[in-house]
Amino acid sequence: MKKLLMMIGAAAVALSAAAQDGWPKVIFPGEYPDPSIIRDGRDFYLTYSSLYSRPGLIIWHSRDLINWNPVASAAKNMPGAIWAPEIAKIGDGYSIYFPQNDNIRNGKGWSIYRVTAPSMMGPWSEPAVIAENVGIDPGVAVDDDGTPILWLHHGKAARLSPDGATTVEPVTGGHYQGWKYPECWRPGTKNTSMESPKLFKRGGWWYLVSAQGGTGGPWSAHHACVARSKTPLGPWENSPYNPLIHTWSEKEEWHCTGHATLFDDAQGGWWAVYHGYRNGFRTLGRSILLAPIAWTDDGWPVLDRSGRESLPQDGTAFVGGNYDDDFKGDTLSLHWLTFDERSCGKASVGGGALRISATGGDAFSGTVLLFKPSAKSYAAAVVAEPGAGTQAGLVLFYDRKNLVGATTDGRDFFVCYPDGFVRREPNTLGKSVCFRIVNDSNSLSLYASGKNGKIIKLMDNVDVSAMYPGGGRCKDFLSLQIGLVAAGDGSAAFRSFRYRVQNADKHKTK
């Protein structure tokens with residue numbers, strides 16, 4: 001077992017922010033879609049779509065836009081998926097707005113919820129509905145008189161109460177018609193609806209940055225465009241420099257780029273954060289990218305092509321680098337997320353072990369704890385110890401119908417393939433097993449070892465490249481994540497988790 005853990009360490013190449021060349025820079029590699037960011041003095045805070053994962057609305061903090069640390073969760077137990085949030089400062093407090101589909105619970109469609117806190121560090125309130133059956137992708141602008149205005153997709157908007165807690169007028173559409181892309185574009189999609197409205201004010205103008213083309217379509221479809229107005233409700237004129245962000249060539253490193261937020265730093269510079277799929281690796285989900293913004297003489301934002309110098313870097317907390325967890329504290333790290341409500345509240349740490357209460361009967365229906373991979377090639381290892389009547393293991397998990405990896409109950413291995421086939425073979429290693437997954441550019445190999453140092457290869461070069469939305473079997477906007485699984489009637493212990501990026505140059509951007 002020690003031999004296998006040493007192998008993962010020896011194969012690693014250290015990753016640092018300094019390894020990135022040019023712009024955009026990938027600051028959150030992996031599944032971090034629909035970013036929203038706010039600057040509070042010298043401090044930046046960022047969150048993104050939690051989807052089905054809990055705790056939800058993880059808040060990250062940075063002072064240099066490169067090094068980030070998770071500092072809080074603003075929605076720990078909210079049922080359902082959390083999509084496309086918006087951070088806003090209203091008065092002396094902070095709010096995060098987000099949509100949820102309430103159709104299943106009460107037949108009211110997409111509603112907008114809000115959580116509040118006295119600081120971005122919390123404590124955060126329980127979610128409360130501010131508008132029912134109105135739409136998705138909230139954006140919030142605070143007018144000069146202090147009135148918050150809620151924006152939604154399709155150019156819909158409404159004024160809010162002074163504290164931002166409720167709408168004071170009906171949500172109506174037609175406030176913005178979007179930007180019509182040129183006829184010569186062939187994005188391969190009819191989805192031209194306006195999404196992710198993000199507003200800010202500069203130099204007497206209100207600017208509206210929005211997305212069009214759909215995030216999950218062909219590589220060229222998604223884009224971000226800009227409009228401006230003298231009021232936060234229009235009328236709007238579109239930028240002659242649109243689109244602000246777009247994938248122009250299939251050879252580019254980042255596809256389906258869009259959902260942008262523009263903001264300034266404490267030194268007067270301007271930036272954009274937005275998301276995109278890594279070319280050929282939609283299995284990783286939508287990463288967050290950072291690019292500098294310049295302003296034209298006629299007052300429009302454009303991507304800065306002047307070769308602006310890199311941001312300050314100290315290399316202390318680069319998102320997506322190597323990660324170890326020996327579970328020695330009494331609180332589970334915010335790097336670990338459950339997949340759905342079935343897995344909430346099932347994990348605890350202490351004494352150098354993570355203990356997961358099992359559910360279901362196999363890896364597909366069991367309790368799942370997820371960790372986001374960040375690179376094209378990586379390795380992960382963990383020691384799994386199933387209790388009586390329990391399976392424990394390590395998988396790459398997309399959803400409950402699509403996973404690949406293996407579990408053991410101490411007697412047998414249950415090896416799961418992407419097509420749903422499960423192979424059963426005897427476990428000759430004992431109850432405590434170190435599983436090791438190596439994902440080499442969407443080719444997966446799986447190993448197991450016991451305390452005697454014996455290593456068994458359970459999988460060899462299994463293709464996982466189609467495990468993404470649109471890849472065949474997989475639905476929804478999810479990604480392939482590392483999962484610790486406990487299934488059955490008892491519980492399982494996990495120790496010595498190791499994650500290693502393979503080949504640092506995989507994170508370079510063009």
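We did not get these values from a lab; they are worked out from the coordinates using the rules stated. Just so you know, these numbers come straight off a predicted model, no measurement behind them. All Cβ positions, glycine included, derive from the backbone under ideal geometry; neighbour counts span all protein chains shown.
Please work out the Cα convex hull volume for segment 35-303 and give it in Å³ per residue.
Taking only Cα atoms, segment 35-303 has a hull volume of 134 Å³ per residue.
How much length is gained if the chain between Tyr417 and Ser249 is pulled fully straight, taking 0.36 nm per residue apart and subtracting their Cα-Cα distance, in nm to one decimal?
Gain on extension, Tyr417 to Ser249, equals 57.1 nm.
Please report the relative contact order for segment 35-303, taking Cα pairs under 8 Å with a sequence separation of at least 6, and give it as a percent rounded to a whole number.
Here the relative contact order equals 11 percent.
What residue among Ser125, Gly269, Thr428 has its Cα farthest toward the positive end of the dipole of the chain, where the charges are +1 on Lys, Arg and -1 on Asp, Glu, each on the Cβ?
Thr428
Determine the calculated [θ] at 222 nm for the chain from helices alone, applying -39500 (n - 2.57) to every DSSP H run no shorter than 4 residues and normalising by the residue count; nearest 500 deg cm²/dmol.
-500 deg cm²/dmol
Stokes-Einstein D for segment 445-503 at 25 °C, 0.890 mPa s, Kirkwood Rh over Cα pairs, in µm²/s?
Answer, rounded: 164 µm²/s.
What nm value, rounded to one decimal, do you get for the distance between Arg42 and Arg159 when each label is placed 7 Å out toward the C-beta?
3.9 nm
Using 0.36 nm times the number of residues separating Asn101 and Leu303, minus their current alpha carbon distance, what extension gain do you get?
Value of the extension gain: 69.3 nm.
Holding the Cα-Cα limit at 19 Å, pick out from Lys76/Lys346; Lys401/Lys475; Lys376/Lys457; Lys198/Lys376; Lys25/Lys201; Lys376/Lys475 the pairs that are longer than that.
Flagged as over cut-off: Lys376/Lys457; Lys198/Lys376; Lys25/Lys201; Lys376/Lys475.
How far apart, in nm, are the 7 Å Cα→Cβ label points at Glu126 and Arg473?
Label at Glu126, label at Arg473, 3.9 nm between them.
Among Trp110, Met459, Ile437, which residue has its Cα furthest toward the positive end of the charge dipole of the chain, with +1 on Lys/Arg Cβ and -1 on Asp/Glu Cβ?
Positive-most Cα among the choices belongs to Met459.
Given the alpha-carbon gyration tensor of the chain, what are the semi-axes of its equivalent ellipsoid in whole angstrom, ordered largest first, with each equal to the square root of 5 times an eigenvalue?
Computed over the chain, the values are 40, 24, 21 Å.
Whole angstrom only: what separates the Cα centroid of segment 391-465 from the Cα centroid of segment 58-105?
Using only Cα atoms to place each centre, the spacing works out to 34 Å.
Between Ala266 and Lys76, what is the FRET efficiency for a Förster distance of 45 Å, r being their Cβ-Cβ separation, to the nearest 0.05?
That gives a FRET efficiency of 0.90.
Relative contact order for segment 255-307: what percent, with Cα pairs under 8 Å and sequence separation of 6 or more?
26 percent
With the cut-off at 1.5 for a/c, could you classify segment 204-314 from its C-alpha gyration tensor as rounded, prolate or oblate?
Since a/c reaches 1.5 but b/c is at least a/b, the shape of segment 204-314 is classed as oblate.
Which order do Thr172, Thr257, Thr359 fall in if you start with the one that has the fewest other Cβ atoms within 10 Å?
Thr172, Thr359, Thr257
At a threshold of 8 angstrom on Cα-Cα distance, excluding pairs fewer than six apart, so keeping six or more, what relative contact order does the chain reach in percent?
16 percent
Taking other Cβ within 10 Å of each residue's Cβ, how do Thr296, Thr338, Thr247, Thr147 sort, fewest first?
Thr296, Thr147, Thr338, Thr247
Compute, for the chain, the length of the dipole vector about the Cα centre, with Cβ point charges of +1 (Lys, Arg) and -1 (Asp, Glu) only. Units Debye, rounded to 20.
1360 debye
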